[in-house]
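Comments concern the structure below.
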Amino acid sequence: MSFEAPHIEYATLSPLLIVFGVALVGVLVEAFVPRRLRYLVQSVLALVGLVAALAATIWVATDLTVRGDGAARGSIVAEGAIAVDGPSVFVWGTLLLLSLISVLLFAERHLDGGLSAFAGQAAALPGTEAERQASTRGLEHTEVYPLMMFAVAGMMLFPASNDLLTMFVALEILSLPLYLLCGLARRRRLLSQEAALKYFMLGAFSSGFFLYGVALVYGFSGSTHLAAIAEAVNGRIGGQGLLLGGIALIAVGMLFKVGAAPFHSWTPDVYQGAPTAVTAFMAACTKIAAFGALLRLFYVAFGSAERDWTPMIWIVAILTMAVGSVFALSQTDIKRMLAYSSVAHAGFLLVGFVGLHEGGEGISSLQSVLFYLVTYGFMTVGAFAVVTLVRDAGGEANHLARWAGLGKESPLVAGIFAFFLLAMAGIPLTSGFTGKWAVFSSAAQGGAWPLVVIAVLLSVVAAFFYLRVIVLMYFSDPVGDAPAVAVPSILTTVTIAIGLAATVVLGILPGPVLDLAADAGAFIR
Amino acid sequence: MNISLSEAAPVVSPTSGDGVLSLLWLIPALPALGALVILVLGNRRTSPWAHWLGTATVALSFLIGLVAFFQLLGRDESDRSVGQHLWTWFEAGSFTVDLGILYDPLSSLFVLLITGVGSLIHLYSVGYMAHDAARARFFGYLNLFVAAMLVLVLSDGYLGVFLGWEGVGLASYLLIGFWHHKPTAATAAKKAFVVNRVGDMGMVLATTLMFATFGTVSFEGVSELASGASQTTLNILALLLLLAACGKSAQVPLQSWLLDAMEGPTPVSALIHAATMVTAGVYLVVRSNFIYELTEVGRTAVVIVGAVTLLAGAIIGCAKDDIKKALAGSTMSQIGYMMLAAGLGVAGYAFAIFHLLTHGFFKANMFLGAGSVMHAMDDDVNMRHYGALQKAVPVTFLTFAMGYLAIIGFPGFSGFWSKDKIIETAFGESLWIGLAALAGAGITAFYMTRLMIMTFLGRKRWEPGVHPHESPKVMTIPLIVLAALSVLGGVLLLGDWIVDWLTPVVGHAEHHELPLPVIAYTLIVVAVVAVGVAVAWLLVAKRDIPREAPQKVSFVTRAARADLYGDAANEALLMRPGNNLVEGLVTFDDDYVDGVVDGTGSAAIGMSGTFRRIQTGYVRSYALSVFAGALLVVLALLAVNLG
């Protein structure tokens, strides 16, 4: 039996390979570079790697081959395992940009006495002598950079996977580093470690569902290739049970990752416990990657079975929007509130996803979801970056009561945060509005108008809790000592500025990015 | 199209101009610059020279206007319409609005009136406002007004007119409320503003309707296309424009603000609320002759409004003891004459404008005279406290007397020519309209004679400690000039000059066949005026004038003192129902809307509080919810397939 080496299109896969490469080099840096240099080397390496990957992505994007009828561009590479097409490249670009500004947040050392937000020695038990020593020696974990690079690589692979097994592997590559990152907070370590453990256990649980679903679909179609599955679904004659069960279980795994109800319960706990920089990265990028994969899987592989799965997505979408909007109302922690807000956003994204509008008249569902993901990503990273600034003696002051009167204390920070909140609420002239407009209009054109009506009503409820925070910041007096607003270094400032600029520009001039999303075209099959 | 070209109103088709005519934009730009400089630098920095800057800019505009007028005079009759495109104001799709100037015989007369009388009143104000700390600001506002008024009369389209229209409204508001530390002045300013908004809505709707119908709002376009519109559209357009005119020109039913507007400084009353701004409504109707010529309904409505107002204003003028309010009633009444003439169509347009000009002279003269009297009497406006002033303020008395003779239509004075023509034309149209106009002339003679007697003749009824003195030269010179114009204004009618001059704008009318010879009407009018004067002489001069207004008076007097219940009617018909509506809406908002919103909010928070218990923090229960969710997803998928 002869073994044929697989044919790999290195050039087309270069963005992915660069990020993987940087992650591996980062591990070597941990082993060989002296401790005092590691912070600099690692952060610069990560930044350079991401910029290089972004450049490669742009190069790949300009070089996509047009296929068939011209609706889709790109090619299937790596022996059919990966599809590099318009949507993949669009998602890659978005992920890399957001990862870039997240790395800046990771590298921030001005806010907490010259140290990063990550634990000095994660292995030291909280409250022990070892922890105190690590902290007095000024240790910090620079492993976060390679971990983050692995996660980014996984996130890039996830929506580009053209094969269920590749997709599963990508899911694990992106998840495992995130579990670790969640547990590395310097402050409130028990909370952080609890979050990491919860995330890991529930993530493993949902991965099990996903894998079982893959097995059932393989049982139905005899293949894990999306194209082959699509063919089998199209011409199905029997074995309904296997297919439906498979779709359902894979959906569970996916919906867990996007944080849709009722699979969202990990979100608030993990978002709250994780270091805020990680939360920002995770909230923005995981959702983008997971939605990219969800779109590809359901549009390409299960597209012909849409009648079977749309009612289920409708139910999940309504449930998600309702849970996100209503639960956020009674939150007293700013990060938990933003977590529920991200749940609500997942619901709005699902509305766009299930609109199933092919385009032609107006923008297609795929484009609208991609656009929404961009707007959501920038405002989320920006908002969490602002959260890192409001601090008191115990670190970040995340309790909402501590935000009262912030408008007087620091008009600039409060103003920026209020702007992000307005954007999340979907007020016109912010990117939140154009994003919502895009998904709602494409969904309405796709015929899902009852869902759009519900979504609009629930976005009103959601606006309520965003505005509540604004009222708190501007019209309440501070309780006790006013929280201090720490002055960040250039790194966090740049992150907030980019988030803000993107939110403003996409709100006023969404045209270019919408065109870019439109240029991405359809998935290749 | 059944309207032959000879009957239709002339189409506005301006040609380009050179020389001074290319500098037309300077006419409104100069006062605008003055206003900008004064208002931006502020009262304190500009106070040493602001009054002279303000006067100079208007005087310069007048000079340009004068030269331009003679240029126009030198042109061929068919070529007396000069257009100048300034810039494109805005473009929205197919809707382009160019801001441009239309300088034709009609606007040329207005430019001269506004800048001429405006210069005199500016000059007068230098003396009148000398002791006011905010004199510079006053001149800033005056310049703003003049600039806006010039924009109004020089624009080549309805949108430009609207720009000026709102500008003069703003200036009027600011100037009525100039002494806003007085609550009455502040209230009067607000009232003027609110009542004018009603008229402005007419203007906005008319402009919008024109755009919807013709696709343009320029005079050129609308005058060309007007005959193609449906009769209903033309009727509505005419009525909307009339509503706008009623607001600005204080015609019934939007007359109520003018009497209160007398709270402003007297030069303001003279310039804005007598000579210029309040005539903007007449300008609008005459300028829109290409619309009114096509609608019988519109013209009739204008005539009715004019006739009603001329009588109402005159009756109000009879009962007022406040000298300025008596003059304000007179202004309403005289503008009623102009409206009536404008409503008579081609036969009347020229006479409306003629009366507008002569009225601008003599009414400005009398208002400034009244200001001079107030100046002498320590700002007392009650005529019952005047009397025997002809010796104390001789120049004021003489100039005022010229205005008086002009307004009552004493033969030879300017008002005689202009009013006589209107009454004659009114009789040509209908007996009843003619009789109304005739009655108005008699009542005018009565109340003006009463005013003269109470102010200048009879015995002294002065407040103790008042020592009347003549005003300074800077105030009397404008009075003398205006008095001369009041006397001589009639020359404009020599050889029917003004009629021929305006023919290119408003068209030429065939003379009506009157049942009586023209001289008979003139004699009748003079006779009625004489009766009015005589009655006033018998009732006022021959009796003692009490210092306190008698309370036991006839029903008519009471009604006239209460402005013919105009405010009461507004209150009962508009304010009370409006208040009730607003209160009802507030109650509805508080009790129901807020209730629902608050209820939803607290229900959601309550729900949130209840449901958050699901979020226990235990991984086992989270896992259970994931499992339940998985079950839900599977069931949802299966249910679709089984169903």
Restricting attention to the stretch A:477-517, which residues are surrounded by fewer than 20 Cβ atoms within 10 Å (Cβ to Cβ) and either modelled with pLDDT under 85 or of a type in the set (D, E) (or both)?
A:D477, A:P478, A:V479, A:G480, A:D481, A:A482, A:A484, A:D515
Top-ranked residue of the stretch A:239-281 - restricted to ones that are within 15 Å of the chain's Cα centre (by Cα) and among the hydroxyl-bearing types (S, T, Y), ranked as farthest from the other protein chains (Cβ to nearest Cβ):
A:T276
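So that you can scan it fast, the table gives a plain yes or no per residue for (1) closer than 30 Å to B:I316 by Cβ; (2) in contact (Cβ under 8 Å) with a residue 40 or more places away in the chain; (3) under 32 Å from the mean Cα position of the chain (by Cα); (4) crowded, with 18+ Cβ neighbours inside 10 Å:
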position: B:V499; (1), (2), (3), (4): no, yes, yes, yes
position: B:P504; (1), (2), (3), (4): no, yes, yes, yes
position: B:G507; (1), (2), (3), (4): no, yes, yes, yes
position: B:L523; (1), (2), (3), (4): yes, no, no, no
position: B:A536; (1), (2), (3), (4): yes, yes, yes, yes
position: B:K542; (1), (2), (3), (4): yes, no, no, no
Subset of the stretch B:606-617, residues among the charged types (D, E, K, R) and more than 8 Å from chain A (Cβ to nearest Cβ), comes to B:R613
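Please indicate, with yes or no, whether at least one residue in the stretch A:403-410 is in a helix (DSSP H, G or I), out of contact with any Ser or Thr (no Cβ under 7 Å at 6 or more places or on another chain) and under 23 Å from A:R186 (Cβ atoms).
Checked the stretch A:403-410: at least one residue is in a helix (DSSP H, G or I), out of contact with any Ser or Thr (no Cβ under 7 Å at 6 or more places or on another chain) and under 23 Å from A:R186 (Cβ atoms).
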Selection over the stretch B:623-639 where residues are surrounded by fewer than 16 Cβ atoms within 10 Å (Cβ to Cβ) and facing chain A (nearest Cβ under 7 Å) yields a count of 1
Expected single match for touching a residue at least 60 places away in the same chain (Cβ under 8 Å) and either more than 9 Å from chain A (Cβ to nearest Cβ) or surrounded by fewer than 13 Cβ atoms within 10 Å (Cβ to Cβ) (or both) among B:L581, B:L564 is B:L564
Quick check on A:M148: is it aliphatic (A, V, I, L, M), modelled with pLDDT of 85 or more and touching a Cys at 6+ places or on another chain (Cβ under 9 Å)?
no
Being surrounded by fewer than 24 Cβ atoms within 10 Å (Cβ to Cβ), at pLDDT 90 or above and more than 26 Å from A:A151 (Cβ to Cβ) is the filter here, so list the residues in the stretch A:293-322 that pass it.
A:F302, A:W309, A:T310, A:P311, A:W314, A:I315, A:I318, A:L319, A:A322
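Here is a yes/no grid of residues against (1) in contact (Cβ under 8 Å) with a residue 40 or more places away in the chain; (2) in a loop (DSSP other than H, G, I, E, B); (3) under 19 Å from B:I407 (Cβ atoms):
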| residue | (1), (2), (3) |
| --- | --- |
| B:E220 | yes, no, no |
| B:L240 | no, no, no |
| B:C246 | yes, no, no |
| B:Q251 | yes, yes, yes |
| B:H273 | yes, no, yes |
| B:V282 | yes, no, yes |
| B:V286 | yes, no, no |
Tally of residues being among the hydrophobic types (A, V, I, L, M, F, W, C), within 21 Å of A:F281 (Cα to Cα) and within 14 Å of another protein chain (Cβ to nearest Cβ) across the stretch A:300-349
6
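Are there helices (runs of 4 or more DSSP H) fully within the stretch B:294-391 with at least 1 residues that are more than 21 Å from B:I477 (Cα to Cα), at pLDDT below 90 and in the same structural domain as B:G434 (by TED's automatic domain parsing)? List them.
B:296-319, B:346-376
Are any of the residues in the stretch B:324-342 among the β-branched types (V, I, T) and more than 28 Å from B:S125 (Cα to Cα)?
no
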Does the stretch B:546-561 hold any residues that are surrounded by fewer than 10 Cβ atoms within 10 Å (Cβ to Cβ) and not hydroxyl-bearing (S, T, Y), and which are they?
B:P546, B:E548, B:P550, B:Q551, B:K552, B:F555
Qualifying residues in the stretch B:164-173 (those that are surrounded by fewer than 24 Cβ atoms within 10 Å (Cβ to Cβ) and in contact with a Leu (Cβ under 8 Å, 6 or more places away or on another chain)) - the one nearest to B:S288 (Cα to Cα):
B:G164
Please work out if B:R620 is within 14 Å of another protein chain (Cβ to nearest Cβ) and modelled with pLDDT under 80.
no
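Among the residues of the stretch B:599-617, what is the count of those that are over 19 Å from A:H264 (Cβ atoms) and modelled with pLDDT of 75 or more?
Residues meeting the conditions: 5.
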Given the residues A:P87, A:P146, which is the only one that is touching a Lys or Arg at 6+ places or on another chain (Cβ under 8 Å), surrounded by 17 or more Cβ atoms within 10 Å (Cβ to Cβ) and part of a helix (DSSP H, G or I)?
A:P87
Would you be able to say whether some residue in the stretch B:320-333 is surrounded by 24 or more Cβ atoms within 10 Å (Cβ to Cβ), β-branched (V, I, T) and more than 30 Å from B:P546 (Cβ to Cβ)?
no
Which members of the stretch B:371-424 meet the condition of being of a type in the set (A, V, I, L, M) and on the phi > 0 side of the Ramachandran plot?
B:A388
Take the residues of the stretch B:587-605 that are surrounded by 13 or more Cβ atoms within 10 Å (Cβ to Cβ) and closer than 24 Å to A:I315 by Cβ: which is nearest to the other protein chains (Cβ to nearest Cβ)?
B:A604
A:A290 - would you say it is assigned to a helix (DSSP H, G or I), buried (at least 24 other Cβ atoms within 10 Å of the Cβ), touching a residue at least 24 places away in the same chain (Cβ under 8 Å) and more than 14 Å from every other protein chain (Cβ to nearest Cβ)?
yes
Would you confirm whether any residue within the stretch A:377-397 is assigned to a helix (DSSP H, G or I), closer than 30 Å to B:A630 by Cβ and of a type outside the set (F, W, Y)?
yes
Would you confirm, using the coordinates I've provided, whether A:G213 is within 14 Å of another protein chain (Cβ to nearest Cβ), assigned to a helix (DSSP H, G or I), surrounded by fewer than 24 Cβ atoms within 10 Å (Cβ to Cβ) and touching a residue at least 24 places away in the same chain (Cβ under 8 Å)?
yes
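Conditions (1) more than 25 Å from A:A117 (Cα to Cα); (2) buried (at least 24 other Cβ atoms within 10 Å of the Cβ); (3) under 24 Å from the mean Cα position of the chain (by Cα); (4) of a type in the set (K, R), marked per residue:
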residue	(1), (2), (3), (4)
A:A328	yes, yes, yes, no
A:G355	yes, yes, yes, no
A:T375	yes, yes, yes, no
A:G382	no, yes, yes, no
A:G395	no, no, no, no
A:E409	no, no, no, no
A:P428	yes, no, yes, no
A:G432	yes, yes, yes, no
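The values are calculated or read from the model by the stated rules, or taken from the named source; none is laboratory data. Predicted, not measured: the structure shown is a model, and the values here were computed from it. FYI the Cβ positions are ideal-geometry reconstructions off the backbone, even for glycines, and counts take in every protein chain you see.
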